[in-house]
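Notes to accompany the following structure.
Any read-out appearing in this document is the output of simple, stated calculations on the displayed coordinates, not a laboratory observation. In this text, all values refer to a predicted model and were calculated from it rather than measured experimentally. In this analysis, Cβ positions are derived from the backbone assuming ideal geometry, glycine residues included, and neighbour counts consider all displayed protein chains.
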Amino acid sequence: MPYIKNPTVQKDMRVSYSPTYTFFGAEQMLRVRFHGRGGQGAKVASRVLGTAAFLEGYCAQDFPLYGAERRGAPITAFTRISREPILERGVISEPDMVIILDETLLDDPQANPVSGIKEGGIVFINTAHSPAEAKDKHKVAERVITLDITKIGLDMLGLPVLSTLAGGVAARIAGIEEDSLRKAVEKEASAILTDEKLITKNLEASLFCFHAIHSLEVKTTEAIGKESPVIDVPFEPALISSPTINTTGNTPLRKTGNWRVFKPVWNYEACTKCMTCVARCPDGCIAMNEDGFPYTDYDNCKGCLICVEECPVKAIEKVREVHT
Amino acid sequence: MARTREMLTGNTSVAWGVRLAEVDYVPTYPITPQTEIIETLAKWIYDGVMDARCVSLDSEHSMITAAGAASATGVRVFTATSSQGLLYGFEMLYTVAGWRVPFVMVNVSRGLSSPITLEPDHNDILAARDSGFLQIHCETCQEALDSILMAYRLAEDERVLLPIFVNMDGFHLSFTREPVEIPDIDEVRRFLPPYQSNHAFFKASQPMAQGLAVIGGSSYSYFKYQMHLASMKALIVYQEVSEEFNKIFGRSYNTTEGYMTHDAEYILVMSNSFSTLGKAAIEKVRKKGMKAGLLRLRLLRPFPDADLKAILKGKKAVAVIDQNISVGKGGIWYSEIAGALYHEKNKPLLLSFIGGLGGKNISAQEFEFIFNAMIKAFNTGEIETPRLLYTEGEWREMERLKSIAGKTYNK
């Protein structure tokens with residue numbers, strides 16, 4: 001780090017914070033971060049929690065962050081709950097609680113969903129694994145809670161959309177009353193859905209998740225902020241400082257198929273090698289093997305299931321993806 | 001409908017302001033992070049709860065032209081854009097301001113390309129600083145809603161008659177929900193009567209020529225200077241509008257907000273939604289015994305010289321955090337504030353910081369750095385200026401990204 005000059009004025013006056021543990025509700029703020037993939041419902045989950053807290057009389061703030069919008073891209077959303085007016089905005093880098101809607105994000109170094117979680121914080125993971133297994137598998141040091149809410153979504157809604165379900169989980173952990181959650185789900189689901197039956201199913205599924213989680217004591221602490229001094233940013237020539245990328249050929253390193261809920265599986269007994277699936281795959285993932293049978297690149301297949309739909313002889317089956 | 005309280009994003013707050021202002025015409029063009037405003041209005045108009053005409057144009061250039069032209073017929077007009085979109089329509093900003101048409105335009109701030117980004121800073125809206133549009137900048141979702149109502153009153157006043165920008169930050173406000181009080185429509189009608197245009201009423205039955213060509217500088221100078229005088233009149237009108245708003249709705253918005261500035265010795269100057277972070281930093285440093293306060297710039301055109309000076313008078317040091325960068329000069333508001341203070345006898349030391357570009361967070365430690373720099377400046381008279389707020393951790397991350405991108409050279 002040859003360029004960095006530590007300004008001396010910084011050190012003289014540096015404040016040392018001592019975190020004070022306070023029970024949630026007394027005076028501190030609860031900071032919740034949701035991680036999901038575009039289309040899964042992390043944004044609405046953060047809103048369900050925000051609205052439930054608001055209806056219960058708290059000061060609340062919720063906020064999603066996503067870039068160029070597309071299904072399947074990692075997204076984060078945030079909810080802040082406090083008794084006092086909230087003097088914070090933007091991302092939560094030190095959450096008390098993390099709600100992970102998609103287990104595969106734990107393997108994505110860019111999403112890094114447990115980053116910055118506070119000591120004593122709570123991590124909820126949507127997985128079929130037990131908390132102990134998930135803790136071990138993903139090397140999470142904090143308290144872990146698990147529930148397969150994708151399965152609950154498929155069973156109760158018929159869809160792997162987890163907005164109100166994850167909202168129910170978060171509300172329970174945050175100590176929100178059932179009645180506030182009920183009103184919040186009705187309000188948020190009605191804002192995005194017109195099908196009354198689906199709204200009712202969402203309410204039932206949300207309350208099911210709410211009751212499937214044991215109430216927990218959440219301790220909130222002051223956000224400390226990573227100690228990182230202000231520096232002088234040096235001049236660098238345009239060769240370095242222009243926004244270009246000189247390295248090539250990195251696209252194959254990015255696996256884009258890890259967020260499938262269902263995968264296509266071929267039955268070669270029934271397959272007529274007509275190649276309809278090859279032609280219809282929007283990602284060009286399907287190719288032919290030496291015997292002329294189609295197969296897919298599971299590293300990049302997103303599980304859209306257009307091939308299942310298009311196969312004229314129904315030789316492709318959709319199989320639930322379980323991450324082991 | 002009585003007053004209600006709801007969780008609203010900045011975008012839906014603006015849409016509520018527009019609905020309550022009973023706007024007649026909404027020309028649109030989509031761009032992140034503003035699109036939710038026009039989506040909300042389009043839905044309300046389609047559902048029949050809002051009586052207005054919403055039209056999709058082919059670009060922001062056409063959209064601003066349509067807004068100005070419609071306003072020139074004497075109807076109430078709203079439009080919105082952001083960042084690249086604002087710049088794409090830039091030519092028409094000066095043109096329609098010269099028509100003296102009082103429509104309201106929201107800009108949802110977003111850093112300008114290149115490199116392209118989505119999160120906020122204020123180079124987009126400040127590019128329009130000299131266009132003739134008035135400018136109000138908001139910190140909260142409530143303020144965004146309220147400012148739409150105030151903006152129509154201000155712009156449509158006979159003494160002003162200029163278009164006006166209401167600015168808010170993308171993401172940090174546009175997509176952030178917080179509790180917002182939606183005013184009662186009857187109270188809004190009391191505050192904001194229908195627009196009656198006496199100077200621009202372009203109708204088939206009453207022909208008039210608008211948008212003249214003038215050759216020779218004397219006519220041109222006259223018209224431009226009249227715009228300036230009208231903008232300066234808006235300072236007086238603003239006081240009246242804001243007092244009446246407070247009377248009816250119980251919320252008060254000065255041209256500049258002083259937060260714990262009364263007994264303060266040191267002042268941070270900020271604008272828009274990041275001011276919230278500044279206020280938290282002030283509370284923290286006050287607990288340690290430093291008499292600090294925050295001045296938030298709200299009305300930026302016309303520039304509220306007198307209100308600004310009244311707050312900054314006699315302070316030890318003032319640090320301006322510009323969430324913008326005038327490449328080759330530094331912070332834009334720093335220069336404006338320095339200009340305002342130049343003739344003052346008892347003027348504070350003035351420090352310049354550039355922070356929050358492209359939505360970069362301003363950490364507690366960066367605020368501390370500023371407080372310490374102010375104390376140091378007061379004690380030693382040494383002033384470093386301008387300085388980019390940037391941390392060692394961010395630099396390390398940048399080094400990592402540069403290495404991934406293959407950016408190496410022999411040093």
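Tabulated values for the structure
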| quantity | calculated |
| --- | --- |
| Antiparallel content of DSSP bridges confined to chain B, in %, to 5 | 25 |
| Cα gyration tensor category, rounded, prolate or oblate, for the protein assembly as shown with a/c compared to 1.5 | prolate |
| Tilt relative to chain B, helix B:364-380 - C-alpha long axis, 0 to 90 degrees, to 10 | 70 |
| ³J(HN,Hα), Karplus 6.51/-1.76/1.60, whole Hz, each residue of region B:72-87, x for Gly, Pro | 5, 8, x, 9, 8, 10, 10, 8, 8, 7, 7, 6, 4, x, 4, 5 |
| Links that overshoot a 21 Å alpha carbon limit, given the list A:43/A:135; A:273/A:314; B:279/B:316; B:291/B:316; A:43/B:279 | A:43/A:135; A:43/B:279 |
| Value at 222 nm in deg cm²/dmol, rounded to 500, when DSSP H runs of n ≥ 4 in chain A each add -39,500 (n - 2.57) | -8000 deg cm²/dmol |
| Mean separation of Cα contacts under 8 Å, 6 or more apart, over the residue count of chain B: relative contact order % | 15 |
| C-alpha center-to-center spacing [region A:228-282, region B:350-387] in angstrom | 40 |
| Rounded tilt (10° steps) of B:141-156 against the dominant C-alpha axis of chain B | 50 |
| Neighbour cut-off at most 14 other Cβ (10 Å), DSSP loop, trypsin sites (Lys or Arg not before Pro), region A:84-174 | A:139 |
| Spin-label model distance (nm) - residue A:255 vs residue B:345, 7 Å beyond Cα toward Cβ | 7.5 |
| Calculated [θ] (222 nm, deg cm²/dmol) that DSSP helices of n ≥ 4 give over chain B, each run adding -39,500 (n - 2.57) | -13000 deg cm²/dmol |
| Distance (nanometres) between label positions extended 7 Å along Cα→Cβ at residue A:197 and residue B:198 | 6.3 |
| For region B:35-47, 3J(HN,Hα) per residue [Karplus equation, 6.51 cos²θ - 1.76 cosθ + 1.60, θ = phi - 60°, Hz, x = Gly/Pro] | 4, 4, 5, 6, 4, 5, 5, 4, 5, 4, 5, 4, 6 |
| 15 Å reach of a label modelled at residue B:383, 7 Å along Cα-to-Cβ, counting backbone N of region B:269-301 | B:269 |
| Set of lysines near residue B:309 by C-alpha distance (under 18 Å), chain-local residues within fewer than 8 positions excluded | B:345, B:347 |
| Angle in degrees between helix B:392-404 and the longest Cα principal axis of chain B, rounded to the nearest 10 | 80 |
| Beta bridges per DSSP with both ends in the protein assembly as shown, % antiparallel, nearest 5 | 45 |
| Three-way shape call for chain A based on the alpha-carbon gyration tensor, with the a/c threshold at 1.5 | oblate |
